[in-house]
Amino acid sequence: MDWARQINIKNPAEIAIMREAGRINATVLATVREHLKPGVSTAELDAAAEDVLKKYGAVSPFKGYGYPPFPNSITVSINEELVHGIPSATRKLKEGDIVSIDCGTFFEGYVADSAFSAGVGEISPKASKLLDVTEQALYAGIAKMRSGNRTGDVSEAIQKYVEGNGFHVTREYTGHGVGRQMHEGPQVPNYGTAGTGMLLRPGVVIALEPMVLIGTHKTKVSKDKWTVVSADGSLTAHFEHSIAVTEGDPLILTIL
Ligand code: MG
Ligand code: MG
């Protein structure tokens, strides 16, 4: 992929703007989370997200992205849907669903990108474990986002955590650099080998995003040309933060 070759180191002023974009993105996701109840349509979740973006003078880079152009500001992916689900007025949340919400915020020329998964009402113990493992895999990756490490250290940490818990990581979709563009280099897969890949240094900003499946690493794309589902129909989850490498601890940009 061409975008994966474009690596842009951000200066402190750029990181500060991206932190603002990340705060807005976190506000969007917190608002959508409040709406996760049985009977709510996925289009209503998208509308709630758009309201928050508008309030801050921001837009989502998802809208119009790719081909066919993605029609909405967030993606809503339910149960076996891993990523890129298209919001719809007729698709309603049900008790026991697990829902993954991904949102981008484009603000003052920079993008923040983040996602979470959560249950609707009561969920099964297996679904609950999937959510925990996926979120903790993200933090295992974040812990490796230190100057002097390589992207392979991050990838391996995510893969080991997920597979150590008996689940699978996707092969076709990866974490990525983020900045003026939603997708910049480097690509950071959810699998890999420590000591390989690009050297991390202060100013590298990466959207890390473990995408985890219970039964298989294999996926397929639905007829709508966007929604990615597990090949075996098993449950999936997705967590994502945009993180800056610093001289010290990793800086998570997409929190309040
Ligand atoms: Mg995302
Ligand atoms: Mg992303």
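The values are calculated or read from the model by the stated rules, or taken from the named source; none is laboratory data. All figures in this text were calculated on a predicted structure; none of them were measured in a lab. Methodologically, a virtual Cβ is constructed for each residue, glycine included, from the backbone with ideal geometry; neighbour enumeration extends over all protein chains shown. Protein only, heavy atoms only, side chains kept; ligands, DNA and RNA dropped before computing areas. Shrake-Rupley method; radii C 1.70, N 1.55, O 1.52, S 1.80 Å.
Can you find a residue that is closer than 30 Å to LEU199 by Cα and of a type in the set (S, T, N, Q) anywhere in the range 19-26?
The answer is yes, given that some residue of the range 19-26 is closer than 30 Å to LEU199 by Cα and of a type in the set (S, T, N, Q).
Out of the range 93-144, which residues are of a type in the set (Asp, Glu), under 28 Å from THR196 (Cα atoms) and in contact (Cβ under 8 Å) with a residue 60 or more places away in the chain?
Those that are of a type in the set (Asp, Glu), under 28 Å from THR196 (Cα atoms) and in contact (Cβ under 8 Å) with a residue 60 or more places away in the chain: ASP113, GLU135.
Which of the residues that make up the range 196-212 are more than 16 Å from ligand 1 (Cβ to nearest atom) and either more than 16 Å from THR151 (Cβ to Cβ) or assigned to a strand (DSSP E or B) (or both)?
LEU199
Please determine, by comparing only the residues of the range 95-106 that are farther than 10 Å from ILE78 by Cα and away from ligand 2 (no atom under 16 Å from the Cβ), which one is surrounded by the fewest Cβ atoms within 10 Å (Cβ to Cβ).
Among them, the one singled out is GLU95.
Which count do you get for residues in the range 84-103 that are under 20 Å from the mean Cα position of the chain (by Cα), of a type outside the set (A, V, I, L, M) and not in a loop (DSSP other than H, G, I, E, B)?
The number of residues fulfilling the criteria is 3.
Would you check which residues across the range 137-195 are polar (S, T, N, Q) and part of a loop (DSSP other than H, G, I, E, B) and list them?
SER147, ASN149, ASN165, THR170, THR174, GLN181, ASN190, THR193
What pairs can you find where one residue is in the range 165-180 and more than 14 Å from VAL154 (Cβ to Cβ), the other is at pLDDT below 95 and away from ligand 1 (no atom under 11 Å from the Cβ), and their Cβ atoms are less than 9 Å apart, with a gap of 6+ or different chains?
GLY179/ASN8; ARG180/ASN8
Which ones in the range 119-136 are more than 15 Å from ligand 2 (Cβ to nearest atom) and open to solvent by less than 10 Å² (accessible area, probe 1.4 Å)?
Selection gives VAL120, ALA127, LEU130, VAL133.
Tally the residues that are closer than 23 Å to ALA112 by Cβ, more than 13 Å from ligand 2 (Cβ to nearest atom) and out of contact with any Phe, Trp or Tyr (no Cβ under 9 Å at 6 or more places or on another chain), restricting the search to the range 158-185.
0
Quickly run through the range 55-101 and pick out the residues that are within 13 Å of ligand 1 (Cβ to nearest atom) and in contact with a Leu (Cβ under 9 Å, 6 or more places away or on another chain).
SER60, SER73, ILE74, VAL76, LEU82, SER100, ILE101
Restricting to the range 213-241, give me the number of residues that are in a strand (DSSP E or B) and more than 15 Å from ligand 2 (Cβ to nearest atom).
7
Please specify each residue of the range 137-177 satisfying the condition of being open to solvent by 50 Å² or more (accessible area, probe 1.4 Å) and within 16 Å of ligand 1 (Cβ to nearest atom).
Across the range 137-177, the qualifying residues are GLU172, TYR173.
Quick one: which of MET211, MET198 is in contact (Cβ under 8 Å) with a residue 40 or more places away in the chain, within 21 Å of GLU80 (Cβ to Cβ), open to solvent by less than 50 Å² (accessible area, probe 1.4 Å) and in contact with a strand residue (DSSP E or B) (Cβ under 7 Å, 6 or more places away or on another chain)?
Checking each option against the conditions leaves just MET211.
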